[in-house]
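The structure appears right after this line, and notes come after that.
The values are calculated or read from the model by the stated rules, or taken from the named source; none is laboratory data. Since this is a predicted model, take the numbers as computed values, not measurements. No Cβ is skipped: glycine too gets one built from the backbone with ideal geometry, and neighbour counts run over all protein chains shown.
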């Protein structure tokens, strides 16, 4: 499933980043968002969500959340 389908407050493990955009992939990597890392959906808002990765919280849009494949 993708992070867009994830539940608030549940920790997931990132399986893969589903994008062909190298710049986007590099940006996510710089945030610590890559396969094997835990990620948690903190809250949802119209058009996006707030996620917790390592010690940071980031606002991402729905398109980006859909590109992050996770497992429970």
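Any idea how many residues of the stretch 1-38 are without any contact (Cβ under 8 Å) to a residue 60 or more places away in the chain, part of a loop (DSSP other than H, G, I, E, B) and under 12 Å from residue 52 (Cα atoms)?
Number of matching residues: 4.
Residues 70, 41, 51: which one is in contact with a helix residue (DSSP H, G or I) (Cβ under 6 Å, 6 or more places away or on another chain) and in a strand (DSSP E or B)?
After applying the criteria, what remains is 70.
Conditions (1) at pLDDT 95 or above; (2) surrounded by 13 or more Cβ atoms within 10 Å (Cβ to Cβ); (3) farther than 18 Å from residue 10 by Cα, marked per residue:
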residue: 20; (1), (2), (3): no, no, yes
residue: 30; (1), (2), (3): no, no, yes
residue: 36; (1), (2), (3): yes, no, no
residue: 42; (1), (2), (3): yes, yes, no
residue: 45; (1), (2), (3): no, no, no
residue: 52; (1), (2), (3): yes, yes, no
residue: 60; (1), (2), (3): no, yes, no
residue: 69; (1), (2), (3): yes, yes, no
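In the stretch 54-67, how many are out of contact with any helix residue (DSSP H, G or I) (no Cβ under 7 Å at 6 or more places or on another chain), closer than 17 Å to residue 1 by Cβ and not in a strand (DSSP E or B)?
3
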